[in-house]
1. Give me a count of the residues in region 257-273 that are in contact (Cβ under 8 Å) with a residue 12 or more places away in the chain, near the ligand (Cβ under 6 Å from one of its atoms) and farther than 20 Å from Ala181 by Cβ.
2. Can we say Tyr151 is out of contact with any Phe, Trp or Tyr (no Cβ under 6 Å at 6 or more places or on another chain), modelled with pLDDT of 95 or more and either under 22 Å from Asp19 (Cα atoms) or of a type in the set (Phe, Trp, Tyr) (or both)?
3. Give Arg267, Arg259, Arg304 a once-over and let me know the one that is within 22 Å of Ile194 (Cβ to Cβ), of a type outside the set (A, V, I, L, M, F, W, C), modelled with pLDDT of 95 or more and out of contact with any Lys or Arg (no Cβ under 7 Å at 6 or more places or on another chain).
4. When you scan region 148-165, do you find a residue that is under 30 Å from Arg267 (Cα atoms) and of a type in the set (Ser, Thr, Tyr), even just one?
5. Which of (1) within 9 Å of the ligand (Cβ to nearest atom); (2) free of Cβ contacts under 8 Å to residues at least 60 places away in the same chain is the odd one out, the single condition Pro187 does not satisfy?
6. Counting residues that are within 23 Å of the chain's Cα centre (by Cα) and within 16 Å of the ligand (Cβ to nearest atom), which helices (runs of 4 or more DSSP H) fully inside region 308-411 reach at least 2?
7. Working carefully through the options Leu252, Leu240, Leu203, find the one that is in contact (Cβ under 8 Å) with a residue 60 or more places away in the chain, under 19 Å from Leu126 (Cα atoms) and either touching a strand residue (DSSP E or B) at 6+ places or on another chain (Cβ under 8 Å) or more than 11 Å from the ligand (Cβ to nearest atom) (or both).
8. Would you mind telling me which numbered condition in (1) surrounded by fewer than 24 Cβ atoms within 10 Å (Cβ to Cβ); (2) more than 30 Å from Asp250 (Cβ to Cβ); (3) charged (D, E, K, R) Asp123 fails?
Amino acid sequence: MTPVLSRPLAAFQNEPVLDFTKPENAKAAAQALDRIRAGFGREYELWIAGARHKTGDLLDSTNPSKPSQVVGRHHRATREFAHRAIEDAHAYFPEYSRTPAARRIEMAVRVAEIIRSRKLEFDAWLVSEAGKTWPEADADVSEANDFCEYYARQMQKFASPDPVVQMPGERDEMIYLPLGAGVIIPPWNFPLAIMTGMSVAALVAGNTIVIKPSSETPTIAAKFAEVLHEAGFPPRAFSLCTGSGSSVGDVLVEHVKTRFVSFTGSRDVGLRINELAAKPRKGQIWIKRVVAEMGGKDAIIVDREADLDSAVTGVVQSAFGYQGQKCSACSRAIVDEAVYDQFLDKLKAKVATVTVGAPQDPASYMGPVISASAKKSILEYIEIGKQEGRVIAGGEAAPGEGHFIQPTVIADVDSKARIFQEEIFGPVLAVAKARNFEHAMAMANDSEYGLTGALYSKNPEKIRRAREEFFVGNLYINRKCTGAMVGAHPFGGFNMSGTDSKAGGPDYLLQFLQPKSIAEKMQ
Ligand code: NAP
C-alpha cells in the first residue's frame, strides 16, 4: 500500500471517556455548562450553498429537563432552500471530489481535534439540548471523535487499494470514487456522534452533503457545522438544512440530483425514505443508494446458568441508560423460569436505586425523555403494558417540570404483547418467562427487528448456539447490549432494523464509494 498522507496516522484508539466522579472533572463540567448557558436562546441561520440564510420562521429548541428554557432558535429552511441545497451540492461535487484524499483525511482528523479541544462544551450542549447525563454525553462526544479518526484511517485504505490480478500486457487496477451529492438525516438520540459519523464518512469519501438535522437537536447540529468550517471543509461541501422532516425531507430525498441518502432513525421514516428514493424521477440517471439504520426491540436472554447479579446489572444499564432512548436499549428481558422469580426480586431491588432528575446533577442516573410528545407516547405504552403484564417498578411520570418518567418494569408479559413487539423508545422494560433456552431463543427472534441482543449464560454450548441462532446485527455475550465501540463493535441491524451498514466498521465507507476498474494495455 502506498502512503496517502505525508504524516502517517497513529493506530486507531478509542477516545477515553471522562470520569465525572472525580471532583476536578465535575467542577470543569459545571463551569462548561455555565459558559454555554450564556449562549442560550441565540439565533442560528441556515447554511446553504456556501452562505448563511435567514427565513424568519424560527424553530425553538428547548431543554428537555426544563422546557421553558430555549437552548437555541433556528431559522427553518423552506422547500426552496432544500431544493437549492441539493442543486448546489450537485454542482460543487466535481470540484470537491477532486480534493486529494490526503487533504480530506486531514480535515476529518481535524474535526476530531477541534471537538476534543472543546469536549466539555459539547458535553454541556448534549446535557442541555438532549437531556443526557454527563457520562452519557461524554460517551456521545467521544464516539463522534472515534468516527472521525476511524473513517480517516479507513479512507487511507480505500485511497490506496490492494492491487488486483495483472493480465499479461496490461496494467490493471480498481479504484474507489465518491458517489455525488448526498442527504444526511440523523436522529436526535446520539445527536453529535451519529450526525458526525454519517457526515464525516460521506465527506472523507469525497461526496458533498446536505445535513437535515433532527428538529429536536438543531443547536448541536449548528455547533457541528461550525466545526466542519473550522476544520477546513470548503463552504460548499456541506449545507445545514434545518427544518422539519415532513416538509423538507421529501424534497431532499426525491430530488433528481440526490445520489444517496444516509438515514438513521425510526422504522417508519426509514421505510418511507427507502420507498421515495426508489422511484426514479424525470432526468434521474442513477439508482439512489439508501443507507437506512432504523429501530430495535432488543432482547437480553437470562439463562438458568447465568450469573444473575451480573445479568441484572447488564439489563438495568441497557434498559435505562439515557432513559432507554438508544436503538440498542434492552426493552425485552427473557428469563428462564428456573431463575425467573429470583431475577425479578434482584431486578426490582436494582431498579429502586435508579435515580431520575436533572441530567446535569451527578446524582441523576436518568434524565428526561426528549420531548413532551415522546413522554405522552411512552406513558400511553405504559398504560397498555398495565393491561399486558404486571408493573413491578415505576409505571408513571416522575416529578419535575421536565419530561421525566420513572424507570418502568412490566413482568409476566406474553411474547405477542404490544409492549414486547413494538419499539417504545423510553424507560420501559418488558420481562417474559421462558420455559427453557430454546423457548427463550425463539421469543428473542420473534421480532421484526434484529439490532442488538445479549445472552447471559455460563454454558459454552448455549453460547455457541446463541452465536449461530440469535438473529441480531450486534450480539453480546455476558455483557450489556448497549455501548458499541467504534472499531470493535461495527454497528447495524438485521430485518427492519435497517440495511446493516455497520457504522464504525471497516466496510462502512463503501456505502459512500463506487469502485471503478481500469485496464490499460501496455504499449
Ligand atoms: P425519526 O423520527 O425517524 O427521525 C429521524 C430523522 O428523520 C430526523 O432528522 C427527522 O427529522 C427525519 N425525518 C422525519 N420525517 C422525515 C421524512 N418524511 N423525510 C425525511 N426525513 C424525515 O427518528 P428519531 O425519533 O429521531 O430517532 C429515534 C429512532 O431512531 C428510533 O427508532 C431508534 O431506534 C432509531 N435509531 C437507530 C439507530 C441505528 O443505528 N439503527 C441509531 C439511533 C437511533 P425531524 O426531527 O424534523 O422530524
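1. Within region 257-273, residues that are in contact (Cβ under 8 Å) with a residue 12 or more places away in the chain, near the ligand (Cβ under 6 Å from one of its atoms) and farther than 20 Å from Ala181 by Cβ number 3.
2. Details: out of contact with any Phe, Trp or Tyr (no Cβ under 6 Å at 6 or more places or on another chain): yes; modelled with pLDDT of 95 or more: yes; either under 22 Å from Asp19 (Cα atoms) or of a type in the set (Phe, Trp, Tyr) (or both): yes.
When the stated conditions are applied, Tyr151 passes them.
3. Numbers: Arg259 fails: out of contact with any Lys or Arg (no Cβ under 7 Å at 6 or more places or on another chain); Arg304 fails: within 22 Å of Ile194 (Cβ to Cβ).
Going through Arg267, Arg259, Arg304 in turn, the sole match is Arg267.
4. Taking every residue of region 148-165 in turn, at least one turns out to be under 30 Å from Arg267 (Cα atoms) and of a type in the set (Ser, Thr, Tyr).
5. Of (1) within 9 Å of the ligand (Cβ to nearest atom); (2) free of Cβ contacts under 8 Å to residues at least 60 places away in the same chain, only one is false for Pro187: (2).
6. Values: elements: 308-320, 340-351, 372-388.
Of the helices (runs of 4 or more DSSP H) lying wholly inside region 308-411, those with at least 2 residues that are within 23 Å of the chain's Cα centre (by Cα) and within 16 Å of the ligand (Cβ to nearest atom) span 308-320, 372-388.
7. On the way: Leu252 fails: under 19 Å from Leu126 (Cα atoms); Leu203 fails: under 19 Å from Leu126 (Cα atoms).
From the options Leu252, Leu240, Leu203, the qualifying one is Leu240.
8. Checking Asp123 against (1) surrounded by fewer than 24 Cβ atoms within 10 Å (Cβ to Cβ); (2) more than 30 Å from Asp250 (Cβ to Cβ); (3) charged (D, E, K, R), the one that fails is (1).
The values are calculated or read from the model by the stated rules, or taken from the named source; none is laboratory data. Everything quoted here is computed from the prediction, not taken from an experiment. Note that each Cβ is placed from the backbone with ideal geometry, even for glycine, and that neighbours are counted across all protein chains shown.
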